[in-house]
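Asker: Before I ask anything, here is the structure I am working with.
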Amino acid sequence: MFKKNSPVRKKAKKSNKLLTLIISSLLCSQTVAIGGSAFAQQNQNNEFSYSDLLSKIQEEQIERIEIDPETNIARVYLKDREDDNPEMVKIFNDNRDLISKIREQDIDLAVQSSGASTSAIIGGLQLALLLFLIIGLFLLIRKSASSAAGAMSFGKSKAKFQMESETGIEFKDVAGIEEAKEELQEVVTFLKTPDKFTAIGARIPRGLLLIGPPGTGKTLLAKAIAGEAEVPFFSISGSEFVEMFVGVGASRVRDLFRKAKENAPCLVFIDEIDAVGRQRGSGYGGGNDEREQTLNQLLTEMDGFEGNSGIIVIAATNRPDVLDGALLRPGRFDRQVIVDYPDLQGRLGILEVHAENKKIVPEVDLKTIAQRTPGFSGADLANLLNEAAILTARRRKEAITTEEIDLAIDRVIAGMEGTPLVDSKSKRLIAYHEVGHAVVATLTPGHDPVEKITLIPRGQARGLTWFTPDEEQGLVSRSQLFARITGLLGGRAAEEMIFGEDEVTTGASNDIERVTNLARQIVTKFGMSNLGPMALEEDAQPVFLGGDSSHNREYSQDIAYKIDLQIRAIIAQCHENAKAIITEYRPIIDSLVDMLIETETLDRTTFEKALGVKS
Ligand code: ADP
Ligand code: MG
Ligand code: ZN
């Protein structure tokens, strides 16, 4: 075997011993199994050294030698061996002496790589890594090259508009905006049977503008038209026209209309048209070339197709006032349909639409929900029922009950529920404040009834008193307005009467703000004060119609002074009334506060029973 004094060889020897040990044990078991030759085993155990090799060469006993250049191990096949097992011998690197001796004896010599050497493996790995890097680099370069090319071909391939061949939405899915629906029914007829109109020489309108606050169902309505008429629906948002590169918007408009023409009859819906359709040349910051180009392209496209080509463009906005006049002239968006917040009946209709695919217990009265949600848009109502459904699922209930719906309404109106306050002086003060609102409001003729009082914080509020508007109030009377002011002041009045003027808190700031606004409107807008029926303030347009909320003052200093006096008189009068009610009902208020602190929430029945009024 190897020489003992070389440490490397020692190691090798050790491992070799281990190897022979394993082999022998393997063979042993084999021996047991077949009961066969013990001779082979012995032979295997004989070690074959370098000197053995040399002597065997000398004796011409060797048939063939194979040398592995990586490991420098020679496999020596002996002539007189029955089996084919070679002897393994470690030889020295570059052993010319040995080679020449082998040559002399004319022994068959082969150089054969085992291929399993570590150096070979490492070399292979390095090669693989290099290849990998090269491929990665190549891909990277190709990608950046293609994105650079993409920057040059903008607007062409990147179709930013969506196309739906069938929207699957019908008019019955849209509720609560009946007038708008009626107007749009006609558009469906245009799209379905244009011949009827063209035969008698009528020009079919090309563009239609839906105006209304967010969430009222403008997109839904446009989809319903496409669905009813069974035509494809193309949609793009105005903001998607405008991009980094000048000219992208215009090319997108061209792309959109080219696609639309290929698919006519169809409906093109442009959401948020105010993003591109603002008046040209008057933009903040010195105009916007990109937007103007886009708008010009839009106008050109709308002029470009014939009235009977079967394309109808519907645009939506909540700011019609900022639109460029050219967009609104005949032949473009000449028809305008207002889509406003739904009224009581409308809300009921929308709730019915969205309740259809939900499991709701039969006791739930959708009408009550509609009554509780004035000012909700269609999207708000849809969201409300969805929240209730989520809550129901979280509670592992089978169907939505009134309880979940109530919680969902509270959350939508007033925000997320907070953790209840700990019992403290400030909790008592809040309780008096809320009970003050409830008692004063209920005892003032003309006020809406209390729905519930709660001390559970929500959103910004630390306590809340909810009122149910009795019916959809189109017109509000003078006494109702005064009752509202009195009720709003009931909270602060209770704080003053129970805790003293020095102890009142900032909690009433929102009440006071609303009181002041109401009183000002009574004087300057509704003409219900001693100043007589005079419009002293221009009606501010609803904000969604683009009106600004600043007041237009067109009166003298003298009148301004009188207005202030009137406002103060109204508020003072209502404040006095509120304080009188608090004083008179103090014992009941005290017991109501105790009940409220204990239960956190008082509902209408409990409250009215305690107060001794019947609803
Ligand atoms: P807008 O485009 O006016 O902002 P959407 O049409 O996008 O509002 O409305 C959002 C969602 O609110 C709709 O998908 C629908 O579920 C619901 N919704 C809004 N208005 C109505 C309505 N009148 N009837 C039924 N659902 C409505
Ligand atoms: Mg929309
Ligand atoms: Zn208050």
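The values are calculated or read from the model by the stated rules, or taken from the named source; none is laboratory data. All values reported here derive from a predicted model rather than from experimental measurement. Here Cβ is always computed from backbone atoms with ideal geometry, including for glycine, and neighbour counts include all displayed protein chains. The protein model used for the area step is the full one, side chains on, heavy atoms only, and it has no ligands, DNA or RNA in it. Shrake-Rupley method; radii C 1.70, N 1.55, O 1.52, S 1.80 Å.
Asker: Report whether or not Leu381 is within 16 Å of ligand 2 (Cβ to nearest atom), touching a Lys or Arg at 6+ places or on another chain (Cβ under 7 Å) and either in a helix (DSSP H, G or I) or open to solvent by 60 Å² or more (accessible area, probe 1.4 Å) (or both).
Answerer: In short, yes.
Asker: Does Asp289 fit the bill of being over 30 Å from Asp380 (Cα atoms) and modelled with pLDDT under 75?
Answerer: Here the answer is yes, as Asp289 does meet what is asked.
Asker: Collect the residues in region 516-536 that are assigned to a loop (DSSP other than H, G, I, E, B), of a type in the set (Gly, Ala, Ser) and open to solvent by less than 80 Å² (accessible area, probe 1.4 Å), keeping them in residue-number order.
Answerer: Gly527, Ser529, Gly532 - these are the residues of region 516-536 that are assigned to a loop (DSSP other than H, G, I, E, B), of a type in the set (Gly, Ala, Ser) and open to solvent by less than 80 Å² (accessible area, probe 1.4 Å).
Asker: When only residues in region 182-209 that are assigned to a helix (DSSP H, G or I) and closer than 18 Å to Ala315 by Cβ count, which is nearest to ligand 1 (Cβ to nearest atom)?
Answerer: Here the residue is Leu184.
Conditions tested, residue by residue: (1) farther than 22 Å from Asp343 by Cβ; (2) acidic (Asp, Glu); (3) in contact (Cβ under 8 Å) with a residue 24 or more places away in the chain.
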| residue | (1), (2), (3) |
| --- | --- |
| Lys358 | yes, no, yes |
| Asn383 | no, no, yes |
| Glu387 | yes, yes, yes |
| Lys397 | yes, no, no |
| Thr401 | yes, no, yes |
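Asker: When Leu327 is evaluated against the numbered criteria (1) surrounded by fewer than 22 Cβ atoms within 10 Å (Cβ to Cβ); (2) touching a residue at least 24 places away in the same chain (Cβ under 8 Å), which criterion, by number, is the only one it fails?
Answerer: (1)
Asker: Now a separate question. Considering only residues that are more than 10 Å from ligand 2 (Cβ to nearest atom) and within 10 Å of Asp340 (Cβ to Cβ), look in region 210-227 and name the one that is surrounded by the fewest Cβ atoms within 10 Å (Cβ to Cβ).
Answerer: Restricting to residues being more than 10 Å from ligand 2 (Cβ to nearest atom) and within 10 Å of Asp340 (Cβ to Cβ), the top hit is Pro213.
Asker: Right, here's the next one. Those residues that are in contact (Cβ under 8 Å) with a residue 12 or more places away in the chain and either away from ligand 2 (no atom under 16 Å from the Cβ) or surrounded by fewer than 20 Cβ atoms within 10 Å (Cβ to Cβ) (or both), I need them from region 344-356; list them, please.
Answerer: Hits for region 344-356 are Leu344, Gln345, Gly346, Arg347, Leu348, Gly349, Leu351, Glu352, Val353, His354, Ala355.
Asker: Go through region 296-343 and report how many residues are within 16 Å of ligand 2 (Cβ to nearest atom) and in a loop (DSSP other than H, G, I, E, B).
Answerer: 6
Asker: Looking at Ile409, is it open to solvent by less than 20 Å² (accessible area, probe 1.4 Å) and of a type outside the set (Ser, Thr, Tyr)?
Answerer: yes
Asker: Confirm whether Tyr555 is open to solvent by less than 70 Å² (accessible area, probe 1.4 Å) and at pLDDT 90 or above.
Answerer: So Tyr555 does not fit the description; no.
Asker: Within the set of pairs 6 or more residues apart or between chains, which connect a residue that is open to solvent by 70 Å² or more (accessible area, probe 1.4 Å) inside region 503-515 to a residue that is more than 16 Å from ligand 2 (Cβ to nearest atom) and hydrophobic (A, V, I, L, M, F, W, C) with Cβ atoms less than 7 Å apart?
Answerer: Final answer for the pair search is Arg514/Leu488.
Asker: Which members of region 289-345 meet the condition of being over 30 Å from Ala175 (Cβ atoms) and among the polar types (S, T, N, Q)?
Answerer: Listed by number, the residues that qualify are Gln293, Thr294, Asn296, Gln297, Thr300, Asn308, Ser309.
Asker: Within region 109-142, take every residue that is at pLDDT below 65 and in a helix (DSSP H, G or I) and give me the one that is most open to solvent (accessible area, probe 1.4 Å).
Answerer: Thr118
Asker: Quick one: Leu464 ticks every box in (1) out of contact with any strand residue (DSSP E or B) (no Cβ under 8 Å at 6 or more places or on another chain); (2) at pLDDT below 90 bar one, so which box is it?
Answerer: (1)
Asker: Further question on the same structure: Out of (1) open to solvent by 30 Å² or more (accessible area, probe 1.4 Å); (2) part of a helix (DSSP H, G or I); (3) not acidic (Asp, Glu), the odd one out for Gly375 is which?
Answerer: Checking Gly375 against (1) open to solvent by 30 Å² or more (accessible area, probe 1.4 Å); (2) part of a helix (DSSP H, G or I); (3) not acidic (Asp, Glu), the one that fails is (2).
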